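Participant: My structure is below; once you've seen it, I'll send some questions.
The values are calculated or read from the model by the stated rules, or taken from the named source; none is laboratory data. Keep in mind it's a predicted model, so treat the numbers as computed, not measured. Here Cβ is always computed from backbone atoms with ideal geometry, including for glycine, and neighbour counts include all displayed protein chains.
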Amino acid sequence: MLDLVRFVVTLQSLYPFWKDASQIEAKREERLRALLAYAARHSPFYRRRFAGLDLARCTLTDLPTLTKSEMMAHYDDVVTDRRIKKADLSAFVDDPRNLGRLYLGRYGVSHTSGSQGQPALIVQDRDALNLVFAVQFARGTKLKRRFLPHLGRILNPARMAVLTVQPGFYPSASAFAYFPKFLTPFFKVLHLTVSDPMARNIRKLERFRPEFITGYASALEAFGREEAEGRMRLREIGCLQQITNVAEPLSNEAGDFLERVFAARVTDEYAMGECLVLSSGCVAGRGSHLNADLAILEVVDDQGQPVPPGTEGSKVLLTNLYNRVQPIIRYEIDDRVMMSASPCRCGSPLPRIEKVSGRTKDRLWIETGGKRREVPYYVFLSGLHHVLELAEHQVVQTGPRNFEIRAVPVSGQQLSADRIRQVVMEQVKAEGLENAFDLKIEIVPEIARGPSGKIARVKNEYATMVPED
Ligand SMILES: [Zn+2]
């Protein structure tokens, strides 16, 4: 009961409609100063880095930036609870039985997706885990009434279907593994595994009557094709309001297609394991709004200099304002982001994320039983982020059933090709693809960068996927 009261208080603090930009800014400033002071007090790593800085007055740009490899190299010193050890955590996430369990009885654990090259471990406390759902309640969905609208959910719980590859410690799945029990009267979640037979998933979906569907783009598109071809009838049932893409880029064409076949709004959320509540879908159109009271996103150029809204940067610096256990402050992420230069027509005072183009990918596919089927990048990632010695990787399709993983070890560490093969093939088997799949692993000292200076983590050197239909 106490948990529920705390949750409702959190909800009220998130509910954005009466907040203007100056209130949001004041909240952000307050949380930033508290985070800096806390990190300096409880994290040996940040204490050293912040030495000599006046943390109550310095500007954000006075603070040093942090790379993922630095964070992982100094992990035990970065975290603010001295009992947390990277070696223990690594063993914890390697055991699937731990999914949904709290590490040290207190902390939710996930890997970041590894789509940024090296995998990372993230720990967060119960409040931070619950925030994911509070933000979804308060901001991710369109609410008609302005006063305590979520209380109406007691009588009419929200129904959300979540499409993932397999249960695992990757961020979107692990968030749901830690779904708070006290929310079950208000929020019904149906978890579907995309590799299960489509007909069975469709039956489950139709019976569940979801209002919201969340998943990665290629899974959403696969369900869209079923609907378009008359094998699913969610549109006719009329329950579906919103479809949210997470974790993979959704092309405009694919977004239009989904809106057309489902007659539901499509939003595209930009978030990452280091900050699952970075943005919430716009209630008026495509795209998302930065939760600027919960996180700071600096869009910068190659030299780390800020670029103005309306201009695409070459990376972003993330500051997570709510995770005290593992402070993430000015953390570099390799995404090309453009913030909108004009206010959003939905009226939200939260900044609008206009475009994220860092996560482009070539599609991977495979031919089974004479049909081409997409192989989501996640199949590889969900294996690869068990390999903490991995600094950088590239997945390349080289033939109709041939895939190659080029892997670069973290400096001074050894990578085992056998281990990579084993963890990836486990996922491939879970997808039922092992008989149509040739995998080659190559350990290399570096991977050539593309013309933009970025590494293409997914490449199709064989042939573009032609959609069936
Ligand atoms: Zn908007």
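Participant: Considering (1) away from the ligand (no atom under 16 Å from the Cβ); (2) surrounded by fewer than 21 Cβ atoms within 10 Å (Cβ to Cβ); (3) modelled with pLDDT under 85, say which one Gln422 fails and leave the rest.
Facilitator: The number of the failed condition is (3).
Participant: Here is a follow-up. From Asp334, Asp301, which residue is touching a residue at least 60 places away in the same chain (Cβ under 8 Å) and either over 30 Å from Glu226 (Cα atoms) or more than 17 Å from the chain's Cα centre (by Cα) (or both)?
Facilitator: Asp334
Participant: For segment 185-198, give me each residue that is out of contact with any Leu (no Cβ under 7 Å at 6 or more places or on another chain) and in contact (Cβ under 8 Å) with a residue 12 or more places away in the chain.
Facilitator: Filtering segment 185-198 for residues out of contact with any Leu (no Cβ under 7 Å at 6 or more places or on another chain) gives 185-191, 193, 195-198.
The answer is Pro185, Phe186, Phe187, Lys188, Val189, Leu190, His191, Thr193, Ser195, Met198.
Participant: Considering only segment 200-212, I want to know if a residue exists there that is under 25 Å from Leu276 (Cα atoms), buried (at least 17 other Cβ atoms within 10 Å of the Cβ), at pLDDT 85 or above and in contact with a Gly (Cβ under 9 Å, 6 or more places away or on another chain).
Facilitator: Within segment 200-212 (the criterion being under 25 Å from Leu276 (Cα atoms), buried (at least 17 other Cβ atoms within 10 Å of the Cβ), at pLDDT 85 or above and in contact with a Gly (Cβ under 9 Å, 6 or more places away or on another chain)), the answer is yes, since at least one residue qualifies.
A quick yes/no check of all residues on (1) of a type in the set (Asp, Glu); (2) at pLDDT 85 or above; (3) part of a loop (DSSP other than H, G, I, E, B); (4) within 16 Å of the ligand (Cβ to nearest atom):
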position	(1), (2), (3), (4)
Pro249	no, no, yes, no
Arg260	no, yes, no, no
Val283	no, no, yes, yes
Glu298	yes, yes, no, no
Pro309	no, yes, yes, yes
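Participant: Mind checking whether some residue in segment 28-51 is touching an Asp or Glu at 6+ places or on another chain (Cβ under 8 Å), of a type outside the set (S, T, N, Q), outside any helix (DSSP H, G or I) and surrounded by fewer than 18 Cβ atoms within 10 Å (Cβ to Cβ)?
Facilitator: Looking through segment 28-51, none of the residues is touching an Asp or Glu at 6+ places or on another chain (Cβ under 8 Å), of a type outside the set (S, T, N, Q), outside any helix (DSSP H, G or I) and surrounded by fewer than 18 Cβ atoms within 10 Å (Cβ to Cβ).
Participant: Quick check: anything in segment 413-436 assigned by TED's automatic domain parsing to the domain that holds Ala456, part of a strand (DSSP E or B) and either closer than 29 Å to Thr67 by Cβ or touching a helix residue (DSSP H, G or I) at 6+ places or on another chain (Cβ under 6 Å) (or both)?
Facilitator: No; the residues of segment 413-436 include none that is assigned by TED's automatic domain parsing to the domain that holds Ala456, part of a strand (DSSP E or B) and either closer than 29 Å to Thr67 by Cβ or touching a helix residue (DSSP H, G or I) at 6+ places or on another chain (Cβ under 6 Å) (or both).
Participant: With respect to His386, is the statement that it is away from the ligand (no atom under 16 Å from the Cβ), in contact (Cβ under 8 Å) with a residue 60 or more places away in the chain, part of a loop (DSSP other than H, G, I, E, B) and assigned by TED's automatic domain parsing to the domain that holds Ile420 true?
Facilitator: yes
Participant: If you check Ser342 against the conditions, is it within 16 Å of the ligand (Cβ to nearest atom), part of a loop (DSSP other than H, G, I, E, B) and of a type in the set (Ser, Thr, Tyr)?
Facilitator: Taking the combined requirement at face value, the residue satisfies it.
Participant: Hey, another quick one. I need the full set of residues from segment 262-281 which are buried (at least 18 other Cβ atoms within 10 Å of the Cβ) and in a loop (DSSP other than H, G, I, E, B), in order please.
Facilitator: Hits for segment 262-281 are Ala264, Glu269, Tyr270, Ala271, Gly273, Glu274, Leu276, Val277, Leu278.
Participant: Oh, and also: Have a look at Arg359, Arg372 and point out the one that is part of a loop (DSSP other than H, G, I, E, B), modelled with pLDDT under 85 and either surrounded by 17 or more Cβ atoms within 10 Å (Cβ to Cβ) or outside the structural domain of Met72 (by TED's automatic domain parsing) (or both).
Facilitator: Arg359
Participant: Do we have Val387 as surrounded by 13 or more Cβ atoms within 10 Å (Cβ to Cβ) and in contact with a Pro (Cβ under 9 Å, 6 or more places away or on another chain) here?
Facilitator: Judged against the criteria, Val387 is a match.
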